[in-house]
Structures are given as structure tokens and as C-alpha cells.
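Undergrad: Here you go, one structure.
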Amino acid sequence: MNFLQVAQEVIDGKIISNEEALAILNSKDDELLQLMDGAFAIRRHYYGKKVKLNMIMNAKSGYCPEDCGYCSQSSKSTAPIEKYPFITKEEILAGAKRAFDNKIGTYCIVASGRGPTRKDVNVVSEAVAEIKEKYGLKVCACLGLLKEEQAQQLKEAGVDRYNHNLNTSERHHSFITTSHTYEDRVNTVEIVKKHGISPCSGAIIGMKETREDVVNIARALHQLDADSIPVNFLNAIDGTKLEGTRDLNPRYCLKVLALFRYINPTKEIRISGGREINLGSLQPLGFYAANSIFVGDYLTTAGQEANSDYRMLEDLGFEIELTQKQEAAFCYA
């Protein structure tokens, strides 16, 4: 398979076939650099060498009634994690200042649970209004299954993006969780789109899915028209249903990132949870397919030290994408 030729065809508007998609995942390791070269041709066409930085604020930890097999906050998990109720507006604002100071363009307010309460939405809404005024950050909320009126309130408050991952293929979904359906997740993404909020939805790779499942989830996100696609690689936490699962290697993870770029050429592809342990020393190569990254810690697991990420991007010759207020603060001070 001539990956550069296929990449040019994708840039010209082609949708790759299932056979081509599987050929990417099944490609020989000796072809990896050719594959990433093709992925970079697509990424460079739409995003140049800019990288978007994202930071998570874990606004509520634990106390979740869902049974998601990958999650340490699940009701079925025995993992020893920190648990606390929804944080205050002041704590959310303090996190936004840290994000601004660290050149983070998108601040992600994330909470465990099936869905937010009225009080949760009110706290987020009040905080977002101040964040936009003080720091000019893009704000992404991730609060679980959402109702129409909640989506409208978040939109009016200034929330730019809402994350609700599909996580895996429709076929494989019931293996991962039974406390909500695949359709529940799709419906939340459709609700935020309806109310003018940018949809963010992605996948977790390494949960005993088949390679056909990986192709199907990449296609489902294309059909859903998600603007931002976080690609997570399973960090199997002891105490969860998937503990002990170690199905990934760095070369396969790069092939997955390339696949998502070939199928979703115009979208923000974000290297997300589990990148440190699954990509290892090959992390820098991921940016030849992806154009976005989480900096700092995740929900209940630690991320790579932030300065290592900045140094990695500098060594690659990539450019951090700043907000207008950050440009004024850091570039023209």
C-alpha cells in the first residue's frame, strides 16, 4: 500500500475503504515510517505544525454509579482513588489560571457520574463566564449524559466544547459497560451539536476490541462529525474489570493514530490518556498524525511532567497554539 498516495487521495476528498483501513492497522512495522509520513502529509495540510494543548480539571472524583470496565471511578472498581464531591467555582477558576499560565488553550472541566445535577451545571456556568472574561480560554465540559436544557445553559454560559466519548464500537460496547447504552452516548453528542456546542468524542484503544472495532469507532466518529477526537490508550488500573490487560505496543498505537487521521483528516486528533505508558519513547512520532495533546495529569492517573512535553514539542519543531490573550501575555510582553 502506498501510504503517501492514499494520503494525497484523502486530502483530495477520498474516504478510505475498510480494506485500506485494516491495511493501516495490519501494516508491517518496517512500513511504520512510511505510514506516519502519509499521516503527516494530511495533518500538515490542515494544521501545519501547530499543536493544541489541553488540561483536565477533575471537578468531581468517584461516587459514580456506572459500571465502565476501564474506569477507576466506576461503582464496580475497587481501585483506591481520591473521592470528593463537585468542587467550587473558585477552585475551577484557580485551575483556569494555571492553564493560562502554562500556555494551555483548552481547559477541560470533567466530573464523574452518570450526568450533572442542576447545581453542577450552575457552578460550571458561573465559572465559565469568568474564565472567558479573565483568560479567554476555550472551555470544554465533560459532565456525563446531558439533557437538552442543560446543554442550552452551558452554551449560554460560554462553554465552547462538550466531551462525551463513544469509547468503543457499537458491537463491543456492552462488554465495556451495561449501565448505559451506546445510543445514550451518541444521543448526548447529538444534543450538544443541536445547541451549537462543538462536539468532542473519542475512543479508548486496548479494551480487548478487534481491529475491525477500531476501524468502526473511527468511522462512527467521522459520521458523528466530532470536531475533536481524543484517542486514549488503555491504562489498565488494578481494581477495574480490565486490570491486567496489556494488548498494546507503541508501534500499534502509532498505527491507530495514523488510522484516525486518515479517516478523520480535518479533525483535531488528540493523543490522550495512557500515552506515556503505551507509546513510551515513541511518543514524539505520534505528533506526525495528531495535532493535540493533554498536558499534566488525567483523572486518577498521573501524566508526564509538563516540561517534558514542552521540550518534546520544541525538539520536534512544532509550535504551541496560543489564545489571543496568551499571545499578548507571552509573545508581546
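The values are calculated or read from the model by the stated rules, or taken from the named source; none is laboratory data. This structure is a prediction, so every number in the text was calculated from the model and none was measured. Ideal geometry is used to build each Cβ from the backbone, glycine not excepted, and the neighbour counts take in all protein chains shown. The accessibility values were calculated without ligands, DNA or RNA, using every heavy atom of the protein model including side chains. Shrake-Rupley method; radii C 1.70, N 1.55, O 1.52, S 1.80 Å.
Undergrad: So what are the radius of gyration and Dmax for the Cα set of the range 12-85, in Å?
TA: 20.1, 50
Undergrad: Let me ask something else about it. Helix-only estimate, please: 222 nm mean residue ellipticity of the chain, summing -39500 (n - 2.57) across DSSP H runs of length 4 or more and dividing by its residues, to the nearest 500.
TA: That comes out to -12500 deg cm²/dmol.
Undergrad: So, one more: Can you tell me the dipole magnitude for the range 1-147 around its Cα centre, using point charges on the Cβ only (Lys, Arg +1; Asp, Glu -1), in Debye to the nearest 20?
TA: The calculated dipole for the range 1-147 is roughly 740 debye.
Undergrad: Label residue 149 and residue 2 with points 7 Å out from Cα along Cα→Cβ: what is the distance between them in nm?
TA: 5.9
Undergrad: Over all directions, what mean area does the Cα convex hull of the range 133-206 project, stated in square nanometres?
TA: Mean projected area for the range 133-206: 5.5 nm², to one decimal.
Undergrad: Positive end of the dipole of the chain, charges at C-beta (+1 Lys, Arg; -1 Asp, Glu), about the Cα centre: which of 105, 124, 228 has its Cα farthest in that direction?
TA: 124
Undergrad: Can you tell me the relative contact order of the chain? Whole percent, Cα pairs under 8 Å, sequence separation 6 or more.
TA: Here the relative contact order equals 22 percent.
Undergrad: Still on this structure, please answer the following. Give the average over all directions of the projected area of the C-alpha convex hull of the range 268-333, one decimal, in nm².
TA: 5.3
Undergrad: Now for a separate question. Within 10 Å, count the other beta carbons around each residue, average over each peptide in 312-323, 181-192, 246-257, and list them highest first.
TA: 246-257, 181-192, 312-323
Undergrad: Now, a different point. Which FRET efficiency, nearest 0.05, do residue 324 and residue 88 yield, Cβ-Cβ r, R0 41 Å?
TA: So, using R0 = 41 Å, E works out to roughly 0.90.
Undergrad: Volume per residue, Å³, of the convex hull around the alpha-carbon atoms of the chain?
TA: Dividing the Cα hull volume of the chain by its residues yields 124 Å³.
Undergrad: Describe numerically, in nm with one decimal, the distance between label points set 7 Å from Cα along Cα→Cβ at residue 179 and at residue 277.
TA: Placing both labels 7 Å beyond Cα along the Cβ direction yields 2.1 nm.
Undergrad: On to the next question. Mind checking the dipole of the chain: about its Cα centre, +1 per Lys or Arg Cβ, -1 per Asp or Glu Cβ, Debye to the nearest 20?
TA: About 360 debye.
Undergrad: Report, please, the projected area of the range 33-141 averaged over directions, based on the convex hull of its C-alpha atoms, in nm².
TA: With every direction weighted equally, the projected area is 9.6 nm².
Undergrad: In addition: For the charge dipole of the range 59-139, defined by +1 on Lys and Arg C-beta atoms and -1 on Asp and Glu C-beta atoms about the Cα centroid, which residue among 95, 62, 84 has the Cα displaced farthest towards the positive pole?
TA: 95
Undergrad: Please list, ordered by chain and number, the residues whose modelled amide H lies under 5 Å from the amide H of residue 292; skip anything fewer than 5 residues away on the same chain.
TA: 52, 269, 271
Undergrad: For residue 320, enumerate residues with amide H under 5 Å from its amide H, sequence gap 5+ or separate chain, H modeled in the peptide plane.
TA: 51
Undergrad: Okay, moving on. Within the set of other residues whose C-beta is less than 10 Å from the C-beta of residue 67, count the net charge using Lys and Arg as +1 and Asp and Glu as -1.
TA: Summing Lys and Arg as +1 and Asp and Glu as -1 gives +1.
Undergrad: Taking the solvent-accessible surface of protein heavy atoms with a 1.4 Å probe, what is the per residue accessible area of the chain in Å²?
TA: 43
Undergrad: For the range 221-261, what does the equivalent ellipsoid look like in terms of its semi-axes, each the square root of 5 times an eigenvalue of the Cα gyration tensor, given largest first in whole Å?
TA: 24, 15, 7
Undergrad: If you don't mind, there's one more thing I want to ask. Between the range 10-83 and the range 265-333, how many Å separate their Cα centres?
TA: 13
Undergrad: Next up: For residue 57, what residues show an amide H to amide H distance below 5 Å, using hydrogens built from the backbone and excluding near sequence neighbours?
TA: 108, 109, 110
Undergrad: Which FRET efficiency, nearest 0.05, do residue 15 and residue 49 yield, Cβ-Cβ r, R0 22 Å?
TA: E(calc), rounded to 0.05, equals 0.30.
Undergrad: Okay, moving on. Residue by residue through the range 220-228, what is 3J(HN,Hα) from phi via Karplus (6.51 cos²θ - 1.76 cosθ + 1.60, θ = phi - 60°)? Round to whole Hz and write x for glycine and proline.
TA: So the Karplus estimates, Gly and Pro as x, are 4, 5, 5, 5, 6, 6, 5, 6, 10 Hz.
Undergrad: Output ³J(HN,Hα) for the range 105-120: one whole-Hz value per residue in order, computed from phi by the Karplus curve 6.51 cos²θ - 1.76 cosθ + 1.60 with θ = phi - 60°, and x for Gly and Pro.
TA: Values per residue, Gly and Pro as x: x, 10, 9, 10, 9, 10, 9, 6, x, 5, x, x, 7, 4, 5, 4 Hz.
Undergrad: Computing the accessible area with a 1.4 Å probe over protein heavy atoms, can you report the carbon and sulfur percentage for the range 183-333?
TA: Here it works out to 47 percent.
Undergrad: Continuing with the same structure: Expressed as a whole number of Å, what is the distance separating the alpha-carbon centroids of the range 124-168 and the range 181-234?
TA: A separation of 18 Å, based on Cα centres.
Undergrad: For the peptides 73-85, 197-209, what is the packing order when you average, over each peptide's residues, the other Cβ atoms within 10 Å and list the highest mean first?
TA: 197-209, 73-85
Undergrad: In addition: Let's test the formula: R0 of 35 Å, r as the Cβ-Cβ distance of residue 245 and residue 118. What FRET efficiency results, to the nearest 0.05?
TA: For residue 245 and residue 118, the calculated efficiency is 0.40.
Undergrad: Is there a pair in 28/208; 50/134; 50/83; 49/155; 138/241; 194/267 whose C-alpha atoms are over 26 Å apart, and which pairs would that be?
TA: 50/83; 49/155; 138/241
Undergrad: In whole Å, what are the extents of the range 78-129 along the principal axes defined by its C-alpha atoms, from largest to smallest?
TA: 35, 27, 16
Undergrad: In vacuum, with every alpha carbon of the range 197-298 counted as one equal point scatterer, what does the Debye formula give for log10 I(q)/I(0) at q = 0.11, 0.20, 0.22 Å⁻¹? Two decimals, please.
TA: Reported log10 I(q)/I(0), two decimals: -0.30, -1.01, -1.20.
Undergrad: Would you rank 101, 238 by solvent-accessible area, highest first, keeping every protein chain in place and using a 1.4 Å probe?
TA: Highest to lowest solvent-accessible surface, that is 238, 101.
Undergrad: Give the percent of DSSP beta bridges with both residues in the chain that are antiparallel, rounded to the nearest 5.
TA: About 5 percent, rounded to the nearest 5.
Undergrad: Per residue of the range 197-211, in order, report the coupling 6.51 cos²θ - 1.76 cosθ + 1.60 (Karplus, θ = phi - 60°) as ³J(HN,Hα) in whole Hz, putting x for Gly and Pro.
TA: With the stated coefficients, the range 197-211 comes to 9, 5, x, 10, 8, x, 9, 10, 9, x, 9, 6, 7, 7, 5 Hz.
Undergrad: Report the residues of the range 148-181 in range of a label on residue 76: point 7 Å along Cα→C-beta, backbone N strictly under 17 Å from it.
TA: Under 17 Å, as judged by backbone N against the label point of residue 76, lie 167-181 of the range 148-181.
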